[in-house]
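I have placed the structure first, in the form of structure tokens, so that the comments after it can refer back to it.
The values are calculated or read from the model by the stated rules, or taken from the named source; none is laboratory data. Just so it is clear, the structure is predicted and the values come from calculations on it, not from any experiment. All Cβ positions, glycine included, derive from the backbone under ideal geometry; neighbour counts span all protein chains shown.
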Amino acid sequence: MDSIKELKKFWDGKKVFITGHTGFKGSWMCIFLNMLNAKIYGYSLKPKKTSLFYQANCKKFIKKNFYADINNLKKLEKRINDVKPNVLFHLAAQPLVSDSFSNPLKTINTNSIGTLNVLSSIRKSNSLKSVVIVTTDKVYKIKKRSKYYNEKDELGGKDPYSASKVCAEIITLSYIESFFKKTRLKNKISTARSGNVIGGGDYSKNRLVPDIIKNINNKKKLTLRNPNHIRPWQHVVEPMLGYLKLAQSQYQKKIVHITPIWNFGPNKSNFVKVIDIVKNINKRKKIKLKISRSQNFLETSDLKLDSKKAKKFLKWSSKWNLNKTLNNVVEWNDLFKKNKNAKKICEDQINNYLK
Ligand SMILES: NC(=O)c1ccc[n+]([C@@H]2O[C@H](COP(=O)([O-])OP(=O)(O)OC[C@H]3O[C@@H](n4cnc5c(N)ncnc54)[C@H](O)[C@@H]3O)[C@@H](O)[C@H]2O)c1
């Protein structure tokens with residue numbers, strides 16, 4: 001059972017190094033790990049004022065915040081070697097498909113070379129016993145519409161963001177084969193692919209649910225780019241628990257001889273069209289809508305993840321259906337507008353999820 005009490009037995013006192021800790025997923029991860037009494041160290045760019053990291057005052061409970069570029073190899077290596085972490089989660093990235101079209105070089109530098117830098121930096125580590133490299137569901141080569149993608153499927157992202165994450169995957173596998181097979185990190189490094197993650201405190205542009213929340217709060221019209229595109233929608237706590245379980249299993253040598261790639265997608269009922277998300281939220285909150293057929297960048301139209309492997313070997317599976325997921329997103333926004341503490345809202349939702 002995944003209760004706070006059970007999870008704490010492992011995570012209490014562990015030194016955890018997180019890259020990208022000031023981001024949306026990174027902040028949820030910090031709050032989750034803080035509930036488990038882990039010692040958190042983060043390496044990222046400085047957070048914006050409009051960020052969950054800032055709103056939840058994560059800085060206060062994190063042992064050390066290092067604000068630096070993932071492409072500053074010297075600094076990254078020094079920080080990791082100074083901290084001597086037991087577990088590392090690599091989440092730092094330029095995560096937006098739209099921005100990858102306006103700045104492909106920066107995207108590939110941050111996402112591909114950044115991952116290479118993390119892997120290079122941990123080669124000398126004597127303390128690490130588990131590493132999770134976060135990529136995305138967008139790494140798969142898209143085939144027929146009905147297909148569910150599993151970890152053995154071919155890679156082949158078309159847009160610059162997906163390509164940068166495919167590179168990160170290939171670099172990781174190459175490093176595992178070339179440099180870690182005879183070290184203490186053998187069988188202790190994996191890549192993790194999740195779906196479209198949603199939750200309170202995401203302020204990214206060109207993401208559907210943050211755009212809907214902005215629309216609700218500011219009463220401006222919402223422009224939909226691709227109403228019929230299907231996506232795997234999941235609440236952010238779902239893959240967070242998956243990453244934690246994967247890291248713990250690697251650390252405890254429970255998943256030796258298993259390929260180091262993991263999907264953490266939602267249930268089948270959560271693979272729905274963009275327009276269905278809008279209709280679902282519209283039942284609770286009125287949304288002013290405009291559909292724009294003009295598209296200035298290419299996006300994959302249909303993505304479904306098969307997460308049977310995580311279910312079988314990690315006993316992880318998606319728990320919240322679409323209604324519950326969206327309820328939590330809308331509720332987060334409502335409570336925050338009523339001045340409820342952002343960290344407390346996240347903690348309550350994590351506790352509810354684990355019940
Ligand atoms: N949000 C999603 O739906 C989703 C889905 C699948 C995968 N992912 C992946 O999850 C990870 C986190 O995504 P997110 O949604 O939290 O993104 P985010 O933009 O909210 O956070 C990104 C984090 O990376 C850091 N970062 C960016 N460039 C950096 C650089 N050059 N040097 C150091 N740090 C840098 C930022 O400071 C921030 O802490 C990313 O790897 C992303 O590709 C996200």
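Consider residue 174 carefully, then state whether it is surrounded by fewer than 23 Cβ atoms within 10 Å (Cβ to Cβ) and of a type in the set (Gly, Ala, Ser).
In short, yes.
(1) at pLDDT 95 or above; (2) under 17 Å from residue 17 (Cβ atoms): which one isn't true of residue 124, the others all being true?
Exception for residue 124: condition (1).
So if I check each of 168, 163, which one is under 27 Å from residue 32 (Cα atoms) and either out of contact with any His (no Cβ under 9 Å at 6 or more places or on another chain) or in contact (Cβ under 8 Å) with a residue 12 or more places away in the chain (or both)?
Checking each option against the conditions leaves just 168.
Here's the yes/no breakdown for (1) at pLDDT 95 or above; (2) surrounded by 24 or more Cβ atoms within 10 Å (Cβ to Cβ); (3) charged (D, E, K, R); (4) over 25 Å from residue 333 (Cβ atoms):
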{"position": "196", "(1), (2), (3), (4)": "no, no, no, no"}
{"position": "211", "(1), (2), (3), (4)": "no, no, yes, no"}
{"position": "224", "(1), (2), (3), (4)": "no, no, no, no"}
{"position": "247", "(1), (2), (3), (4)": "yes, yes, no, yes"}
{"position": "255", "(1), (2), (3), (4)": "no, no, no, yes"}
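To keep it simple, each residue is scored yes or no on (1) within 14 Å of the ligand (Cβ to nearest atom); (2) farther than 30 Å from residue 152 by Cα; (3) at pLDDT 95 or above.
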residue: 52; (1), (2), (3): yes, yes, yes
residue: 73; (1), (2), (3): yes, yes, yes
residue: 87; (1), (2), (3): no, no, yes
residue: 100; (1), (2), (3): yes, no, yes
residue: 138; (1), (2), (3): yes, no, no
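Looking at region 244-355, what strands (runs of 3 or more DSSP E) fall wholly within it and have at least 2 residues that are more than 19 Å from the chain's Cα centre (by Cα)?
Passing ranges, in order: 271-273, 289-291.
Is it true that residue 170 is under 20 Å from the mean Cα position of the chain (by Cα), in a helix (DSSP H, G or I) and closer than 21 Å to residue 115 by Cα?
yes
How many residues are more than 16 Å from the ligand (Cβ to nearest atom) and either part of a loop (DSSP other than H, G, I, E, B) or not hydroxyl-bearing (Ser, Thr, Tyr) (or both) when one looks only at region 180-224?
18
Condition check: under 21 Å from residue 14 (Cβ atoms) and not polar (S, T, N, Q). Does residue 101 satisfy that?
The answer is no for residue 101.
Looking only at residues that are surrounded by fewer than 20 Cβ atoms within 10 Å (Cβ to Cβ) and among the polar types (S, T, N, Q) in region 138-171, which one is farthest from residue 70 (Cα to Cα)?
Filtering region 138-171 for residues that are surrounded by fewer than 20 Cβ atoms within 10 Å (Cβ to Cβ) and among the polar types (S, T, N, Q), the one farthest from residue 70 (Cα to Cα) comes out as 146.
Residue 127 is checked against (1) of a type in the set (Ser, Thr, Tyr); (2) in contact (Cβ under 8 Å) with a residue 60 or more places away in the chain; (3) out of contact with any strand residue (DSSP E or B) (no Cβ under 7 Å at 6 or more places or on another chain); (4) buried (at least 20 other Cβ atoms within 10 Å of the Cβ) and fails just one. What number does that condition carry?
(4)
Of all residues in region 148-165, which are in a helix (DSSP H, G or I) and either more than 23 Å from residue 118 (Cα to Cα) or within 12 Å of the ligand (Cβ to nearest atom) (or both)?
161, 162, 164, 165
How many residues, within region 75-85, are touching a strand residue (DSSP E or B) at 6+ places or on another chain (Cβ under 7 Å) and within 12 Å of the ligand (Cβ to nearest atom)?
2
Those residues that are β-branched (Val, Ile, Thr), within 10 Å of the ligand (Cβ to nearest atom) and farther than 23 Å from residue 185 by Cβ, I need them from region 102-127; list them, please.
107, 110
Tell me, please, whether a residue that is more than 11 Å from the ligand (Cβ to nearest atom) and surrounded by fewer than 21 Cβ atoms within 10 Å (Cβ to Cβ) can be found in region 16-26.
no
Given the structure, is residue 217 closer than 21 Å to residue 147 by Cα, more than 23 Å from the chain's Cα centre (by Cα) and touching a residue at least 12 places away in the same chain (Cβ under 8 Å)?
no
Just need a number here: residues in region 33-50 that are under 24 Å from residue 96 (Cα atoms) and either within 13 Å of the ligand (Cβ to nearest atom) or among the β-branched types (Val, Ile, Thr) (or both).
Total satisfying the criteria: 8.
Which one of 131, 118 is over 30 Å from residue 341 (Cα atoms), in a strand (DSSP E or B) and of a type in the set (Val, Ile, Thr)?
131
Name the residues in region 37-50 that are in contact (Cβ under 8 Å) with a residue 12 or more places away in the chain and surrounded by fewer than 21 Cβ atoms within 10 Å (Cβ to Cβ), would you?
37, 39, 45, 46, 48, 50
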